[in-house]
Structure formats: structure tokens, C-alpha cells
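S.K.: Below is a structure I'd like to ask you about.
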Amino acid sequence: MKFGNITKGFATGLAVIWLAGCASTGTQTAGSGVAGTEDSTVGGAQTAVVTTPLVDPAVQAVIDSGKVQGSVEQIEALLKQDTVHFGFDSDKLSSDDIKALDVQAAYMTSPAGVNSKLVIEGHTDERGTRTYNLALGERRAKAVKSYLALKGISSSRIEVVSYGFEKPVDPSHNEAAWANNRRAVIVPIEG
Amino acid sequence: MRAYLRVALFGFLLIMVSLARAELTIEITQGNDKAVPVAVVPFAWSGQGVLPEDIAGIVGNDLRLSGQFAPVPTSQFLGFPSKASEVYFGDWRRLGTSYLVIGQVTEQPGSRYRVNYELFDVLAQKSVVRGEVSGNRNQLRSVAHSISDAVYEKITGVRGFFSTRIVYVVANRHNENSTDYKLVYADMDGHRAVPVLQSKEPILAPSWSPDGRRLAYVSFETGRPAIYIQELATGRRERISSFRGLNSAPKWSPDGQKLAMVLSKSGNPDIYVLDLTTRALTQVTRHYAMDNEPSWMPDGKSIVFTSNRGGSAQLYEVTLATGKVKRLTFEGRFNARARVFPDGKSLAYIHKGKGDQSYNVAVQEIDTGRMRLLSSSPFEDAPDVSPNGRMLIYSAKGEGKGVLGIISADGRVSFRLPSTEGDVREPAWSPFLN
């Protein structure tokens with residue numbers, strides 16, 4: 001969703017390679033985001049061709065890391081999951097969300113993602129006081145940060161900010177809205 | 001106790017104080033059947049055209065807002081005296097009114113107005129106090145409030161709060177990614193509202209300096225929460241705290257020299273005190289739990305704060321000299337955001353009981369620990385106490401837009417200050433200003 005780095009990686013993964021005569025699958029390192037080039041002098045005339053990887057290089061990087069199990073589709077979905085949700089007044093991560101964070105950590109420690117940085121936004125529902133929730137939101141964002149740190153992501157790569165219940169996804173006053181609003185959102189830092 | 005049940009008994013009275021946009025208008029949500037009847041006679045006007053403000057109307061509303069007085073409707077009046085010589089006590093006794101306020105407004109050169117007033121004790125058939133106040137057109141509401149203060153103090157022996165101000169935050173949400181925030185300064189009755197800060201990012205937790213000249217608050221204008229101090233007269237402001245993590249819940253010390261605040265720069269939220277002169281920062285609490293929402297005791301020697309160190313949010317008091325911490329609340333699952341009454345004997349805070357769904361304003365005597373719930377809308381927040389300790393202001397939501405509520409500390413009367421625009425929240429009541 002907000003994963004600008006994935007789409008960016010994808011774009012640079014469109015590899016332009018030179019070849020002649022025979023078909024080639026390309027030799028670029030999957031997920032490296034760097035176009036592999038190959039200069040063949042067999043034959044004479046050369047023409048520019050384009051290959052497009054079927055797998056998002058960021059997803060490929062996660063698969064190559066060997067740190068998580070799952071199909072390409074599963075890993076892609078987990079990598080794109082930018083939001084984790086919490087129980088009432090809690091900063092505990094659910095097992096489903098931990099899978100997404102494992103994938104995130106595998107990407108961030110892979111060669112493709114090793115320079116990536118994140119801001120983790122912590123949010124709460126509207127129950128309780130505004131200033132209590134500002135602190136609770138920070139707890140949630142820090143729970144995500146701590147988990148990623150356990151997986152080897154340096155804390156200098158992750159910034160945490162709490163909005164408490166200042167920025168609800170859904171401003172309604174009901175259980176469904178509250179469940180949606182109790183969240184931490186992973187936002188890649190551009191550049 | 002539950003305002004909404006009582007509303008059914010007392011019925012709704014709606015006073016449209018003003019139709020001006022952006023101002024808050026007062027609605028009575030619960031009246032006091034034991035209020036003392038008082039007649040405020042429309043003040044005689046000698047000048048050109050129409051008197052710009054209804055002085056007697058403002059005084060009557062102020063007295064009603066105190067919860068201790070019930071203004072007698074003018075339609076019942078048998079006469080409209082404006083001088084002592086015109087007062088027939090028998091007329092007012094027949095109406096059952098205990099007190100009578102009369103007055104005159106005289107136009108002066110230079111668009112100034114002189115207002116004379118006199119308060120009578122109807123039963124004792126004597127004048128209690130009289131006075132003269134003057135001001136220009138824009139000051140007429142202040143003139144009226146000062147008359148209310150004089151009348152209230154003379155009768156109750158307690159200083160009036162009618163000349164105090166409030167600040168609050170109004171948020172206008174356009175969509176998920178766009179909300180306009182305003183920090184608004186207004187009379188305590190919601191009139192003469194002026195935005196003193198406008199931002200595209202959240203503003204919260206305003207706190208008055210004890211001299212009433214400055215505000216400390218949290219603003220997200222840099223994308224991160226930081227604490228600012230703003231001088232009201234000039235609008236001049238300074239970013240006073242912008243550490244990594246939380247910079248939250250600033251609260252001015254009673255002597256005006258320090259600011260208590262919440263910082264999480266060392267990993268988790270703790271209470272700190274910043275000396276505003278030396279800029280020395282002292283860490284007051286040191287606990288892995290969330291310590292939050294400081295409020296000073298009037299002697300400045302200890303701070304009441306919220307902590308979830310016991311498993312749920314409860315109130316604690318830390319003595320600054322020793323660092324000793326004492327738990328103050330034991331009832332319910334959530335007790336937070338305390339404000340200490342000016343006499344230091346009671347706390348106002350937000351309470352959620354075990355099994356309750358709603359968060360409500362509660363008042364607790366510190367010595368006895370006796371707690372009383374004051375109001376009953378679903379999501380109340382940010383209680384603050386008037387400087388005379390008689391009234392509380394708070395925010396309420398859950399039934400549409402956020403509104404401010406005012407309730408007497410004894411729970412007898414309550415009012416709403418709904419906004420014509422946006423969600424209103426984060427009120428803070430000024431100290432005495434004159």
C-alpha cells in the first residue's frame with residue numbers, strides 16, 4: 001500500500017540486457033534491483049530487449065534470505081501489510097502480525113533492503129484520555145520496533161511516532177472503528 | 001448522579017446566548033431545583049441607539065451558570081426599577097425572589113459606557129452592594145462579568161469565576177488525511193472566541209501559566225509531538241521541549257517557575273520537571289510503566305500523575321523532595337488525567353469502573369478517598385477545575401461532535417457548550433485574571 005520502496009525496486013528490476021541469437025533468461029541477481037547487463041559479441045547485430053521479473057524483487061529478496069517460509073503470494077501479501085492491529089489497551093503483537101514483521105525484517109536485512117528505513121506510527125482508539133493514548137500509541141509503535149530489533153534491524157533505521165487517537169482511520173464510535181484504529185503503521189522513509 | 005436520568009426530570013432548557021459563528025452556545029443539561037431565585041432587572045440605558053450588549057442578560061446567565069442561582073424570568077416582573085428609590089421590596093417578595101440586581105448604563109464621550117449596579121437583599125429589604133464599572137463597547141461583556149463576580153461573591157462569600165477565560169481545541173476533519181486544528185481562547189461562557197493558534201497537525205493538552213498570560217501545549221506541527229509556550233498577548237512562542245519520543249502533557253507549577261511534562265526520551269514515558277529559568281531538566285519518576293499526565297499540588301511539593309505500573313491506569317502522587325510515590329485511586333479499571341482542586345483537597349479525573357463502557361468525570365476527596373461520578377456521557381476527557389474550585393469543564397463525545405461540558409463540583413448543575421463548527425476538546429480553565 002504505502003510501500004513505495006517495493007514499487008521502486010520493481011521498476012529498477014526491469015532489466016535491459018543485450019543478447020544475440022539465443023534466448024536468455026537474464027543473469028541479473030533477482031531482487032538486487034540492479035539491472036544485469038551482458039555483452040555478447042556472438043554474431044553481429046544487437047538489439048535491446050526488456051525482461052520483467054514475475055516476482056517483485058523485494059519479495060524475491062525475502063525468499064532468497066531463507067528466513068521465512070511461504071509461497072510467493074503469501075510473502076508478497078505479508079510484505080505489503082503495512083498495518084498491525086492491537087487489542088484494547090494492549091501493545092501485544094498478534095501471531096499473524098508477527099509473520100508480517102518477520103517478512104519485513106527479512107527484507108530489511110537482505111541486500112535489497114539493507115538501506116531501507118522506517119517510521120512506525122502508533123495509534124489508539126478513542127477510549128481513555130487523549131494524553132494517556134498518546135503514550136499508549138508510542139508503546140504500540142515501540143512494540144513493533146522492538147520486534148524488528150530482535151530480528152536484527154538496527155534501531156537507527158526505525159523511528160517511532162505516536163499520534164494517540166488524533167488520526168483515526170474511522171472516526172465512528174463503535175467496536176469496529178476502534179479495532180481498526182488500534183494500530184501501528186509502517187511507513188518507509190523515502191530516499 | 002447520572003445527568004441524563006435527571007434531564008428527563010428537569011427537562012431541557014435551551015438558552016441561545018448568541019448565534020455568532022464559531023462561538024460556543026450554552027445549553028442547560030441539568031438545572032438545580034434548590035437554586036436561589038434572583039431577579040436581574042434589565043439595566044436602564046441612556047445613550048444613542050441600542051445598547052450593544054444586554055448587561056442584565058449576561059449577569060443573569062452568569063448567575064445561572066454558577067448553579068447556585070435561578071434568574072426569575074423578566075415576564076414575571078411587576079416593575080423595572082433602575083434606581084434604589086424605584087425598588088418596592090413587596091413586589092419582589094411576592095415573586096419569591098431572594099435577591100434583586102438593578103442598574104443603569106450611561107453613554108460617555110469617546111464611545112465609553114459607565115455602568116452602575118446595585119444588589120438588594122429582598123428579605124432583609126436592604127442594599128447589599130453597589131458599584132460602578134466602565135468600559136468601551138468591546139469591554140461591555142467584561143463589565144457585565146465583573147458585576148456578576150461582585151454579586152456572586154457578596155452573596156456566597158466565594159470569589160466569582162465569571163471573568164475567567166477558557167482555551168480549547170477545535171478540530172475540523174475533512175478526511176482521513178486532512179484535519180484543521182485551532183486553539184481557541186474565549187470567555188468562560190464561550191463568548192468572544194478567538195483562535196490563538198491554527199495548524200494542520202494536532203494540538204492538545206493546553207495548560208495556563210498561573211499569571212494567565214501564557215499557555216503551554218503540545219503541537220504536532222513538525223510531525224512529532226513537541227511542547228511550546230505561547231504568550232497570549234503577542235502570539236510569540238517558543239518550542240520548549242522536542243526530545244525524541246513523547247513530549248506531552250505540560251503542566252505549569254503553581255509558582256509559574258517550572259513546567260511538569262511527560263518525556264519518553266529514555267525509553268518509556270516518565271514525569272519530568274523543567275525549570276523555566278535555568279532550563280534544568282529533572283527526572284521525577286523512573287519506572288518501566290507509562291507515567292503520564294502530571295498535575296501539581298497547590299504547594300508545588302508533589303505531583304499527581306497517571307501510571308499503569310499496577311496493571312491498570314491509576315493515580316499516584318510523587319513527593320518531589322523524596323521521590324516517594326503513593327497510590328491515590330483503587331476503584332475501577334481506569335483513573336487518569338487528574339487535576340488538583342485549588343484547595344488541594346480534591347481531585348477531578350476521568351474514571352472507568354469495572355465492567356463500565358464509559359469514561360466519566362469523577363471527583364475524589366484525597367483524604368478519605370471517597371469518589372463521586374459527576375457525569376455520564378460515553379467518552380469524557382480533560383477535566384479542569386475553575387479557579388474558585390466550584391465548577392469543572394471537560395470534553396464529551398460519542399453522540400456526534402465533541403462538545404465541552406461544564407458541571408458544578410457538587411454535580412447539581414451541568415451545561416453543554418456545543419460548537420457550531422468542528423469537534424471541541426481539550427479545555428483548560430484559566431486562573432483568576434484580575
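S.K.: Criterion first (buried (at least 17 other Cβ atoms within 10 Å of the Cβ), within 14 Å of another protein chain (Cβ to nearest Cβ) and of a type in the set (D, E, K, R)) does B:ARG224 satisfy it?
M.R.: On the way: buried (at least 17 other Cβ atoms within 10 Å of the Cβ): yes; within 14 Å of another protein chain (Cβ to nearest Cβ): yes; of a type in the set (D, E, K, R): yes.
Yes, satisfied.
S.K.: Do you know which residues across the range B:363-382 are assigned to a strand (DSSP E or B) and in contact with a Ser or Thr (Cβ under 9 Å, 6 or more places away or on another chain)?
M.R.: Applying the first criterion (assigned to a strand (DSSP E or B)) to the range B:363-382 yields B:363-365, B:371-373, B:379-382.
Passing the criteria: B:VAL363, B:GLN364, B:GLU365, B:MET371, B:PHE379, B:GLU380, B:ASP381, B:ALA382.
S.K.: For the range A:119-140, how many residues meet the condition of being more than 10 Å from chain B (Cβ to nearest Cβ), under 17 Å from B:ARG244 (Cα atoms) and crowded, with 24+ Cβ neighbours inside 10 Å?
M.R.: Qualifying residue count, the range A:119-140: 2.
S.K.: Further, regarding this structure: Taking into account only those residues within the range B:197-209 that are part of a loop (DSSP other than H, G, I, E, B) and over 10 Å from B:SER430 (Cβ atoms), which is farthest from the other protein chains (Cβ to nearest Cβ)?
M.R.: Residues of the range B:197-209 that are part of a loop (DSSP other than H, G, I, E, B), as a first pass: B:200-202, B:209.
This time we only want the ones that are over 10 Å from B:SER430 (Cβ atoms), so: B:200-202.
Numbers: B:LYS200: 12, B:GLU201: 8, B:PRO202: 4 Å.
It comes out as B:LYS200.
So that you can scan it fast, the table gives a plain yes or no per residue for (1) part of a loop (DSSP other than H, G, I, E, B); (2) closer than 30 Å to A:ALA135 by Cβ:
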| residue | (1), (2) |
| --- | --- |
| A:VAL55 | yes, no |
| A:VAL62 | no, no |
| A:GLN69 | yes, no |
| A:GLN74 | no, no |
| A:ALA77 | no, no |
| A:GLY87 | yes, yes |
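S.K.: Right, next: Return the pairs, sorted by first residue and then second, in which the second residue is buried (at least 22 other Cβ atoms within 10 Å of the Cβ), the first residue lies in the range B:136-151 and is outside any helix (DSSP H, G or I), the beta carbons are less than 8 Å apart, and the residues are 6+ apart or on different chains.
M.R.: If the second residue must be buried (at least 22 other Cβ atoms within 10 Å of the Cβ), the pairs left are B:ASN136/B:TYR113.
S.K.: While we're on this one: Select from the range A:82-118 the residues that are crowded, with 16+ Cβ neighbours inside 10 Å and within 14 Å of chain B (Cβ to nearest Cβ) and write down the one among them that is farthest from B:ARG425 (Cα to Cα).
M.R.: Ranking the qualifying residues of the range A:82-118, first place goes to A:THR83.
S.K.: When you scan the range B:262-281, how many residues do you find that are within 14 Å of chain A (Cβ to nearest Cβ) and among the hydroxyl-bearing types (Ser, Thr, Tyr)? Break it down stepwise before answering.
M.R.: Of the range B:262-281, the ones within 14 Å of chain A (Cβ to nearest Cβ) are B:262-272.
From the residues that got through so far, the ones that are among the hydroxyl-bearing types (Ser, Thr, Tyr) too are B:264, B:266, B:272.
Residues meeting the conditions: 3.
S.K.: A further question on this structure: Scan the range A:153-170 and give yes if some residue there is in contact with a helix residue (DSSP H, G or I) (Cβ under 6 Å, 6 or more places away or on another chain), more than 14 Å from every other protein chain (Cβ to nearest Cβ) and buried (at least 16 other Cβ atoms within 10 Å of the Cβ), otherwise no.
M.R.: Yes, the range A:153-170 contains a residue that is in contact with a helix residue (DSSP H, G or I) (Cβ under 6 Å, 6 or more places away or on another chain), more than 14 Å from every other protein chain (Cβ to nearest Cβ) and buried (at least 16 other Cβ atoms within 10 Å of the Cβ).
S.K.: Sticking with this structure for a sec: Can you report the number of residues in the range B:383-434 which are away from chain A (no Cβ under 14 Å) and part of a loop (DSSP other than H, G, I, E, B)?
M.R.: The qualifying residues number 18.
S.K.: Given (1) surrounded by fewer than 16 Cβ atoms within 10 Å (Cβ to Cβ); (2) within 14 Å of another protein chain (Cβ to nearest Cβ); (3) in contact with a strand residue (DSSP E or B) (Cβ under 9 Å, 6 or more places away or on another chain), identify the lone condition not met by B:GLY311.
M.R.: (3)
S.K.: Among A:ASP91, A:ASP125, A:ASP96, which is the only one that is among the acidic types (Asp, Glu) and modelled with pLDDT under 95?
M.R.: The conditions single out A:ASP96.
S.K.: In the range B:71-110, what count of residues is obtained for those that are surrounded by 12 or more Cβ atoms within 10 Å (Cβ to Cβ), among the small types (Gly, Ala, Ser) and in contact with a helix residue (DSSP H, G or I) (Cβ under 7 Å, 6 or more places away or on another chain)?
M.R.: 1
The values are calculated or read from the model by the stated rules, or taken from the named source; none is laboratory data. Since this is a predicted model, take the numbers as computed values, not measurements. Quick reminder, even Gly has a Cβ in these numbers, built from the backbone with ideal geometry, and neighbours come from all protein chains shown.
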